[in-house]
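Shown below is the structure under consideration.
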Amino acid sequence: CADIAMSEAKLKGKDNIVYFNDQMRINSNRKIEILNLLHQALEQKEFKLHFQPIVSLESKKVVGVEALIRWFSKQKGYIPPLDFIPLAERSGNIREISEWVFKEAVTMQNKLDALGYPIKISINVSAKALMSPKFLQAVSKLVKETKADPTRIELELTETALIEDIRESIRILKSLKQMGFIISIDDFGTGYSSLAYLHKLPIDILKIDRTFIHSVTTDTEIPVVEFMVNIAKELDLSVIIEGVETEIQERIVKRYGCQYAQGYYYSMPLDETDLIAFMTHEASNE
Ligand code: C2E
Ligand code: MG
Ligand code: MG
Ligand code: MG
């Protein structure tokens with residue numbers, strides 16, 4: 001743990017003199033605290049999955065949910081995924097966490113199936129996990145163990161993960177496609193894009209990052225989003241737009257031909273009980 005604090009100090013330090021400011025100290029200390037707690041979080045059962053509905057803009061129906069990890073630490077309260085996933089990637093227990101997420105997501109999907117809601121489930125896959133040598137082996141083992149149906153499981157990957165080693169990415173993605181998985185690019189447009197290799201990757205869906213519609217409050221055009229939707233059409237990919245919070249935003253992205261949307265306008269990420277209530281309510285509105 002001290003390593004991380006040290007290397008950060010080195011980056012900022014001049015001629016062996018290390019300058020700490022308060023903000024840095026807090027950040028490094030928090031990282032160290034999180035790292036120390038992270039290793040026990042699984043056995044302490046401090047993780048939960050929440051699920052955020054993804055809707056079809058045409059039919060207005062829920063077509064799937066994205067599984068989002070939640071960590072309620074007994075010592076530190078809620079810790080957001082972006083505060084600990086990168087640390088788990090470095091500290092080595094991302095693999096256990098990913099396996100837990102996969103099993104938990106499939107369990108939820110089975111419950112929804114049994115209730116008559118046979119929808120897709122999306123799972124975020126960490127870059128480090130994807131590129132680790134035993135990833136494919138681990139995934140196919142998980143599929144067998146859980147009797148999951150990969151044709152209804154979408155794996156969300158980020159561009160940055162894929163671009164680091166394009167050939168290896170293509171190989172892994174092809175194997176995942178062979179198993180039946182649906183593949184999407186998460187946070188599309190925010191990485192070191194993209195167009196040069198996009199057509200080479202065996203992917204199905206682009207998820208356009210919410211930063212592109214974030215500030216839209218009036219019925220104006222969003223050329224970047226229109227451009228990305230057109231790329232998707234060109235490459236025969238579906239589009240999910242993330243972070244739709246208002247009716248105006250929905251109207252615009254729909255006009256551009258986005259097929260699916262996700263965001264607070266439809267629903268926050270929900271725990272199991274609330275998700276089932278949400279699905280039941282949706283079904284009764286038909
Ligand atoms: P992401 O995969 O892009 O997930 C979408 C994030 O946007 C979620 O944040 C979600 O709560 C938030 N969001 C959804 N709709 C709206 C909206 O209308 N407005 C705003 N402002 N935000 C919205 P969250 O849950 O904090 O997750 C952050 C990131 O952490 C995720 O980004 C994903 O990269 C990562 N993550 C979450 N769960 C997992 C997991 O199980 N495994 C891995 N490897 N990464 C995960
Ligand atoms: Mg995601
Ligand atoms: Mg995203
Ligand atoms: Mg995002």
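The values are calculated or read from the model by the stated rules, or taken from the named source; none is laboratory data. Just so you know, these numbers come straight off a predicted model, no measurement behind them. Quick reminder, even Gly has a Cβ in these numbers, built from the backbone with ideal geometry, and neighbours come from all protein chains shown. Ligands, DNA and RNA are excluded from the accessible area calculation, which covers all protein heavy atoms including side chains. Shrake-Rupley method; radii C 1.70, N 1.55, O 1.52, S 1.80 Å.
Hey, residue 181 hits all of (1) within 28 Å of residue 227 (Cβ to Cβ); (2) within 16 Å of ligand 3 (Cβ to nearest atom); (3) at pLDDT 95 or above but one; which does it fall short on?
The one condition residue 181 does not meet is (2).
Before we move on, is residue 268 within 16 Å of ligand 2 (Cβ to nearest atom), under 22 Å from residue 122 (Cα atoms) and in contact (Cβ under 8 Å) with a residue 12 or more places away in the chain?
So residue 268 fits the description; yes.
Moving on. Among the residues in region 250-269, are any within 16 Å of ligand 4 (Cβ to nearest atom) and touching a His at 6+ places or on another chain (Cβ under 7 Å)?
Within region 250-269, one or more residues are within 16 Å of ligand 4 (Cβ to nearest atom) and touching a His at 6+ places or on another chain (Cβ under 7 Å).
Next up: Output yes when any residue across region 126-136 is closer than 17 Å to residue 240 by Cβ and open to solvent by less than 50 Å² (accessible area, probe 1.4 Å), and no when none is.
In the first step, residues of region 126-136 are kept if they are closer than 17 Å to residue 240 by Cβ; the result is none.
No, every residue in region 126-136 fails to be closer than 17 Å to residue 240 by Cβ and open to solvent by less than 50 Å² (accessible area, probe 1.4 Å).
Condition check ((1) assigned to a loop (DSSP other than H, G, I, E, B); (2) of a type outside the set (Gly, Ala, Ser); (3) open to solvent by less than 10 Å² (accessible area, probe 1.4 Å)) across all residues:
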site: 167; (1), (2), (3): no, yes, no
site: 171; (1), (2), (3): no, yes, no
site: 176; (1), (2), (3): no, yes, yes
site: 185; (1), (2), (3): no, yes, yes
site: 190; (1), (2), (3): yes, yes, no
site: 214; (1), (2), (3): yes, yes, no
site: 217; (1), (2), (3): yes, yes, no
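Have a look at 239, 225, 253 and point out the one that is in contact (Cβ under 8 Å) with a residue 24 or more places away in the chain, within 16 Å of ligand 3 (Cβ to nearest atom), within 19 Å of the chain's Cα centre (by Cα) and open to solvent by less than 20 Å² (accessible area, probe 1.4 Å).
When all the criteria are applied, what remains is 239.
Further question on the same structure: Looking at region 201-211, is at least one residue within 14 Å of ligand 2 (Cβ to nearest atom), touching an Asp or Glu at 6+ places or on another chain (Cβ under 9 Å) and assigned to a loop (DSSP other than H, G, I, E, B)?
Within region 201-211 (the criterion being within 14 Å of ligand 2 (Cβ to nearest atom), touching an Asp or Glu at 6+ places or on another chain (Cβ under 9 Å) and assigned to a loop (DSSP other than H, G, I, E, B)), the answer is yes, since at least one residue qualifies.
Can I ask one more? Please go through region 114-137 and give me each residue that is over 21 Å from residue 87 (Cα atoms), more than 14 Å from ligand 1 (Cβ to nearest atom) and in contact with a helix residue (DSSP H, G or I) (Cβ under 9 Å, 6 or more places away or on another chain), ordered by number. Outline the logic, then answer.
So in region 114-137, the residues over 21 Å from residue 87 (Cα atoms) come out as 114-122, 136-137.
Checking which are more than 14 Å from ligand 1 (Cβ to nearest atom) leaves us with 114-120, 136-137.
Across region 114-137, the qualifying residues are 115, 116, 117, 118, 119, 120, 136.
For residues that are assigned to a helix (DSSP H, G or I) and of a type in the set (D, E, K, R), scanning just region 24-82, find the one that is surrounded by the most Cβ atoms within 10 Å (Cβ to Cβ).
31
Residue pairs, Cβ under 8 Å, 6 or more apart or interchain, first in region 53-73 and of a type in the set (Asp, Glu), second part of a loop (DSSP other than H, G, I, E, B) and within 14 Å of ligand 1 (Cβ to nearest atom). List them.
66/262; 66/269
Among all residue pairs at least 6 apart or on different chains, which show Cβ distances below 6 Å where the first residue, located in region 203-215, is over 10 Å from residue 228 (Cβ atoms) and in contact (Cβ under 8 Å) with a residue 24 or more places away in the chain and the second is open to solvent by less than 10 Å² (accessible area, probe 1.4 Å) and not in a strand (DSSP E or B)?
What qualifies is 213/249.
So which residues in region 137-156 are open to solvent by 20 Å² or more (accessible area, probe 1.4 Å) and either of a type outside the set (Gly, Ala, Ser) or in contact with a Ser or Thr (Cβ under 8 Å, 6 or more places away or on another chain) (or both), if there are any at all?
Correct list: 137, 141, 143, 144, 145, 146, 147, 149, 151, 152.
When only residues in region 265-277 that are under 17 Å from residue 245 (Cβ atoms) and among the hydrophobic types (A, V, I, L, M, F, W, C) count, which is least open to solvent (accessible area, probe 1.4 Å)? Before the answer, list the steps.
Taking region 265-277 and keeping what is under 17 Å from residue 245 (Cβ atoms), we get 265-270.
If we keep only those that are among the hydrophobic types (A, V, I, L, M, F, W, C) as well, we get 268, 270.
Numbers: 268: 103, 270: 27 Å².
Here the answer is 270.
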